[in-house]
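First the structure, in the form of structure tokens, and then the observations on it.
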There are 2 protein chains.
Amino acid sequence: MPVTIKDVAKEAGVSPSTVSRVISNHPRISPQTTAKVKKIMDELGYHPNMLAKSLVMQKSKTLGIILPRPAEELFVNLFFSEFIRGIVAQASRIGYDLLMTSGVTQMDEADAITKLVKGKKVDGIIILTSRKKDPVIKLLQEMKFPFVVIGRSDEFENILSVDNDNIKAATDVTNYLISIGHKRIGFVSGPAHLIVSQDRLTGYTEALKAAQLETKPEWIVEGEFLQESGYLAMSSIMSLENRPSALIVTDDLVAYGVLRGLTELGYKVPEDISIISFNNITISELTNPPLNSVEIGIYQMGYTASQLLIRSIEDGVDSKRELIPHRIITRQSCAPLLEK
Amino acid sequence: MPVTIKDVAKEAGVSPSTVSRVISNHPRISPQTTAKVKKIMDELGYHPNMLAKSLVMQKSKTLGIILPRPAEELFVNLFFSEFIRGIVAQASRIGYDLLMTSGVTQMDEADAITKLVKGKKVDGIIILTSRKKDPVIKLLQEMKFPFVVIGRSDEFENILSVDNDNIKAATDVTNYLISIGHKRIGFVSGPAHLIVSQDRLTGYTEALKAAQLETKPEWIVEGEFLQESGYLAMSSIMSLENRPSALIVTDDLVAYGVLRGLTELGYKVPEDISIISFNNITISELTNPPLNSVEIGIYQMGYTASQLLIRSIEDGVDSKRELIPHRIITRQSCAPLLEK
DNA sequence: CCTCCCTATGAAACGGCTTTCATTTTTTTG
DNA sequence: CAAAAAAATGAAAGCCGTTTCATAGGGAGG
């Protein structure tokens, strides 16, 4: 027996319509009535039933997010919390909540989305990872449902997205290494099906080309977002006769593996080889030596995604790309390479 | 113009009631009608409006969770993702979603909860951290609303909770150190207002008492869940003339700070002092040396909390405490102490 | 062949809120 | 002071489902 708008109305001696108008600050309600109704609402501890409200308003004031499958979660895992904080902070501020769901099996991400969308549980959806030819993006695009992707789509131009300029970031990192004298630069990449991997690789390649430096396919290793990948990459890279003097690593956790591999092989960082990685998660300042990394503004990405999506829902903006600035954090894993 | 139950009814030449009954597998609907209606639903791409359904059923099939304030998030941060995965995995399996919200300012956690509860957006709530005399627990208890706390309450017995046996865990850890020969054991604790801190400290104290070993107040240092806390603790502890030969640390991140502090002061782990910590987050296997730690089953805690809460919602269980087993992970930060 | 009882389905109310349209009350204006 | 305009409020429909109660039709039993 929760207290409803009717109870308030009866108690205040007005009609439900009037109470409703008081709640929504309708202009044509007299100050006295407003005061009286508000008093009663307080006394009765009235809170509107959001389901009823949502049903009639045709919007739920809720954003949706699909939990990544464990496999892809690897990437998201370490900054998931920060992301979510950003999203929820901004959403709450504007009166939205965040609904999380996941497919029951690995396969039905699409089903989960359809259910959310058609079931009217959410007004918009945030996509955390963008894969090449991402079917989820296509689905939402077809349903014409508001959504924002963290990252970008390789198929659709006119969507909402929040991203780092990963190409630029990788270029910056590469140029940074070049600027301190490195000429042979390797790259430990992430899974090829993720767009972020692709972009970072592109930036790296372009920077090298622009500087007219050598690129060797064997200097580029692809792996997962696992430290093990970094560890494994080292044996192949370091056994090359003409090996890189610096390495760009796609993620700090992977870089940790790189560090571990190098230590085991008897190399010193940064004396023997310089390392710089991406994402600047907690780990990166805890390694030995502390890692140079690229801060990508995770909280801000979440925050911005939330904001953008809500604007899209309320004002119908449906095509905008926001780039969150990145920043190279200098620690102690890179050293200048002196001419020899 | 989403397709509603009426559209399906019209198209199938039956009444909305019949369609509704088909959806819920009502026994008294003829096979032919069922088949016909299902076919139409498919053709039209019908999905029930969950808001309407929730409104009439008086339940939303949604669990709620309040994002911890940044200050307390520190503790939760590093395993937040794992927690959430556990919660959502189990919830999704049983047809529930997870709704996340936060107070807009730091203060109104209680408001956020009230809104969720009275607004009928959720059927139950998961509380991630339990503080001493936690006002949030009291609030939910007063509202007689289903909730489960991760941890335990120091005020209420008859609630739903999922926890580690932290007292036992700390006792185990202490006994482990004792078993390898340590007699002077220190403790780097977490914030006193968290129940988990209190419990671990209790376990430690009890184990020492049971073994009739010395406890010195100056061997116990309280700090935040920050590596800085561990770092700072070292200067005071290591400057004692009669200092511990082993240290139990409340969290791996803090232990990392401890390690850093010790290295700077010129001590070697485990030769000079043994370290073991709690939580077993990613970091703990990456430190130098890799940390002995206590695995606390985070995913399983989330999973269990979800399950327990849903059972409570559906079957009215309202008092149950589930303990998730812990496990000491042996790595290389503890060494036996030989008699001298 | 008539009643009685199932079975399958439909009609209508309800859940709690918003909003249009109508109505009453008050104020303004000529 | 009457008429018109403005302000304040109420009645009722509608959002989209579920469920109770009623009813039509078919078969069993007498």
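The values are calculated or read from the model by the stated rules, or taken from the named source; none is laboratory data. Not measured: the values here are computed from a predicted model. For neighbour counting, all protein chains shown are included, and Cβ atoms are generated from backbone atoms with ideal geometry for every residue, glycine included. Accessible surface areas use protein heavy atoms only, side chains included; no ligands, DNA or RNA. Shrake-Rupley method; radii C 1.70, N 1.55, O 1.52, S 1.80 Å.
Structure notes:
- Against the list (1) in contact with a Gly (Cβ under 8 Å, 6 or more places away or on another chain); (2) more than 14 Å from chain B (Cβ to nearest Cβ); (3) within 25 Å of B:PHE79 (Cβ to Cβ), the condition A:SER306 fails is (2).
- Positions within the stretch B:100-119 being open to solvent by 30 Å² or more (accessible area, probe 1.4 Å), of a type outside the set (Lys, Arg) and facing another protein chain (nearest Cβ under 7 Å), in sequence order: B:VAL104
- Scope the stretch A:278-297; condition away from chain B (no Cβ under 12 Å) and either on the phi > 0 side of the Ramachandran plot or assigned to a helix (DSSP H, G or I) (or both); matching residues: A:ASN279, A:ASN280, A:GLY297
- Checked against (1) open to solvent by less than 40 Å² (accessible area, probe 1.4 Å); (2) more than 18 Å from A:THR171 (Cα to Cα), A:GLY297 meets all criteria but (2).
- Residue in the stretch B:159-173 that is open to solvent by 50 Å² or more (accessible area, probe 1.4 Å), of a type outside the set (A, V, I, L, M, F, W, C) and modelled with pLDDT under 95 present: no
- Scanning the stretch B:1-15 for residues that are farther than 26 Å from A:VAL56 by Cα and near DNA strand D (Cβ under 10 Å from one of its atoms) yields no hits at all.
- Filter result for A:ALA110 (more than 24 Å from B:PHE80 (Cβ to Cβ), of a type in the set (Gly, Ala, Ser) and more than 9 Å from DNA strand D (Cβ to nearest atom)): yes
- Only residues that are in a strand (DSSP E or B) and open to solvent by less than 10 Å² (accessible area, probe 1.4 Å) were counted across the stretch A:221-272, and they come to 4.
- Residues considered: A:SER81, A:SER54, A:SER60. Of these, the only one that is surrounded by 21 or more Cβ atoms within 10 Å (Cβ to Cβ), more than 16 Å from DNA strand C (Cβ to nearest atom) and among the small types (Gly, Ala, Ser) is A:SER81.
- The residues of the stretch A:16-33 that are open to solvent by less than 50 Å² (accessible area, probe 1.4 Å) and either near DNA strand D (Cβ under 8 Å from one of its atoms) or closer than 9 Å to A:ILE5 by Cβ (or both), listed by number, are A:THR18, A:VAL19, A:ILE29, A:SER30, A:THR33.
- Pair list, Cβ under 8 Å, 6 or more apart: the stretch A:1-23 residue among the β-branched types (Val, Ile, Thr), other residue open to solvent by 80 Å² or more (accessible area, probe 1.4 Å) and near DNA strand D (Cβ under 10 Å from one of its atoms): A:VAL14/A:LYS36
- Condition check for B:ILE275: closer than 20 Å to B:SER189 by Cα, crowded, with 20+ Cβ neighbours inside 10 Å and either within 14 Å of another protein chain (Cβ to nearest Cβ) or among the β-branched types (Val, Ile, Thr) (or both): yes
- Qualifying residue in the stretch A:43-52 (condition: closer than 25 Å to B:ILE66 by Cα, touching a residue at least 24 places away in the same chain (Cβ under 8 Å) and within 15 Å of DNA strand D (Cβ to nearest atom)): yes
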